[in-house]
Amino acid sequence: MKESFTNALLEWNQNGNTRAMPWKGEKDPYRIWLSEIILQQTRVEQGWAYYEKFILNYPTVQSLAAAPEEAVFRLWQGLGYYARCKNMLAAARQIVTQYHGHFPNTYDTIQSLKGIGPYTAAAIASFAFNLPHAVLDGNVFRVLSRYFDIDTPIDSTAGKKQFAELAQELLPHGQSAAYNQSIMDFGAVICKPQQPSCTTCPLSSGCKALKLGLAGLLPVKTKKLVIKKRYFHYLVLRYKKLIYIRKRTENDIWQNLHEFILIETPEPVDTASLQASAGFREIFGDIRYNIDGTSADFKQQLTHQTIHSRFILMTAAQKPEIQGYMAIPEQDMDNYAFPKTITDFLKKGKLSLF
DNA sequence: AAAACGGGGAC
DNA sequence: GTCCCAGTTTT
């Protein structure tokens, strides 16, 4: 059964798999690594253009390692999970200084790099060096859970162990690169999360879930998601052609991205109440300002929180000092990375101030 | 073991 | 709204 699974999969890859992507078949470990970091928890279509941009701007690990952090973040802007960007740059510098620019070529040394876990290490080890390590990503969990009818929750420790062992057993000798690519393509193109193509699936004859009518119920996940609401009030303060921003450094969303002067409240409040609040007075003290307008509500849905943001446009008569914020020329905004909700405001605010 | 971490597309 | 995507790190 295991052998027929692998054989059928490789057969489909040879004769039925037409999926094309810029990094497919790539042998340069740097490019493979770059694609894998970009694609962590990210759909191929979403990451595609970012991969092209990074290859164009940073064609080698040396060029990436030498890049200023802010420039790399600016290129990553909009892709999400920004710790990946920070870790990617750290790993590039690690490769240059510690490995003299040669990408590590064993599973363990690859995984020791920042931002590389079991999945990414297996992907690089197999694609670049054809080492015998089976990848275990969302596609693999789904395909194996269905084909072998396994209902162990994939977000449990036991599930991860069970699927990892099975995946490794299925790996054909000497063909880890082709096999890993095949199973992920198969999961993305045929054995999809919703409406899998079971009627035309080349592996349908051996699929236990299909036989039992359970394909729609697998894989099993247990964790429940709690979404909390947050209300951000961004004070877009300007003095002449200067504008006040800071880098987010707290243990929170959007770490290392920039933002305007922020007051967060647990509930929505109007501008007048905000001005009267202790948080506002603490920031502004006796600074004299004018309020030029307030934006509409910008809503951003993240995985585990809903952010409501409003932008309050302000100008100061004298140059203010705002604790923790820096005044930068407006035209330098392009050099900094901002969260999506702020780039949306800058683009669609229709306030004609920028 | 559980929580945190973005943004987007499909339904 | 819900699910989930070529997952990893922190708590």
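Specify the longest stretch of chain A that does not include any exposed loop site, a site being one of the GluC sites (Glu not before Pro) with a non-H, G, I, E, B DSSP assignment and at most 10 other Cβ atoms within 10 Å.
With a cap of 10 other Cβ atoms within 10 Å, the longest stretch comes to A:1-249.
Expressed as an acute angle from 0 to 90° and rounded to the nearest 10, what is the orientation of the C-alpha long axis of helix A:138-147 relative to the principal long axis of chain A?
That helix lies at roughly 40 degrees to the long axis.
Enter the angle in degrees (range 0 to 90, nearest 10) between the Cα long axis of helix A:83-98 and the first principal axis of the Cα atoms of chain A, meaning the one along which they spread out most.
Tilt relative to chain A: about 70 degrees.
Express the C-alpha Rg of the stretch A:69-187 as a ratio against the empirical globular expectation 2.2 N^0.38 Å, rounded to two decimals.
In units of the globular-protein estimate, the stretch A:69-187 measures up at 1.19.
Please state the charge dipole magnitude for chain A, taken about the Cα centre, from unit charges on C-beta atoms (+1 on K and R, -1 on D and E), reported in debye and rounded to the nearest 20.
The calculation lands at about 480 debye.
I need to check one value: relative contact order of chain A, counting alpha carbon pairs closer than 8 Å and at least 6 residues apart, in percent. Please list the in-between numbers first.
On the way: 511 pairs, mean separation 58.3, N = 354.
Averaging sequence separation for qualifying contacts and normalising by length gives 16 percent for chain A.
Determine, from the Cβ-Cβ distance of A:Q40 and A:Q255 and an R0 of 22 Å, the FRET efficiency 1/(1 + (r/R0)^6), rounded to the nearest 0.05.
Calculated transfer efficiency: 0.85.
Once label points are set 7 Å from the Cα along Cα→Cβ at both A:D344 and A:S156, what is their separation, rounded to one decimal in nm?
In this crude label model, A:D344 to A:S156 measures out at 3.7 nm.
Per residue Cα convex hull volume for the stretch A:228-348, in cubic angstrom?
109
Per q in 0.13, 0.15 Å⁻¹, report the Debye log10 I(q)/I(0) for the stretch A:12-151, using one uniform scatterer on each alpha carbon and no solvent.
-0.58, -0.76
Tell me which lysines have Cα within less than 19 Å of A:K192's Cα, excluding those fewer than 8 residues away on the same chain?
Counting by Cα, and skipping residues close in sequence, A:K192 has these lysines nearby: A:K208, A:K211, A:K221.
Could you grab the relative contact order for the stretch A:228-348? Cα pairs under 8 Å, six or more apart, rounded to a whole percent.
Numbers: 201 pairs, mean separation 44.8, N = 121.
The normalised contact order for the stretch A:228-348 reaches 37 percent.
Using a 7 Å offset from the Cα along the Cα-to-Cβ direction at both A:E70 and A:T106, what is the distance between the two label points in nm, to one decimal?
Computed distance between label sites A:E70 and A:T106 equals 4.1 nm.
Find the Rg to Rh ratio for chain A, where Rh is the Kirkwood radius over alpha-carbon pairs and Rg uses the same atoms. Before the final figure, lay out each step's value.
Details: Rg = 24.6 Å, Rh = 23.2 Å.
Radius of gyration over Kirkwood radius for chain A works out to 1.06.
Given only helices, namely DSSP H runs of n ≥ 4 each adding -39500 (n - 2.57), what is the per-residue ellipticity at 222 nm of chain A, to the nearest 500 deg cm²/dmol?
Dividing the helical sum by the residues of chain A leaves -12500 deg cm²/dmol.
With angles folded into 0 to 90 degrees, how steeply does helix A:29-39 sit against the dominant principal axis of chain A? Use alpha carbons for both and round to 10.
70
So what's the stretch A:73-140 giving for Cα Rg divided by 2.2 N^0.38 Å, two decimals? Write down the numbers at each step before the final one.
Values: Rg = 12.9 Å, N = 68, 2.2 N^0.38 = 10.9 Å.
With N residues counted in the stretch A:73-140, Rg over 2.2 N^0.38 Å equals 1.18.
In nm, give the distance between the simple-model label positions of A:S197 and A:R246, each being 7 Å from the Cα along the Cα-to-Cβ direction.
My value for the distance between the label points is 5.2 nm.
Readers should treat all values here as calculations from the given coordinates under stated rules, not as data from a laboratory. Not measured: the values here are computed from a predicted model. All Cβ positions, glycine included, derive from the backbone under ideal geometry; neighbour counts span all protein chains shown.
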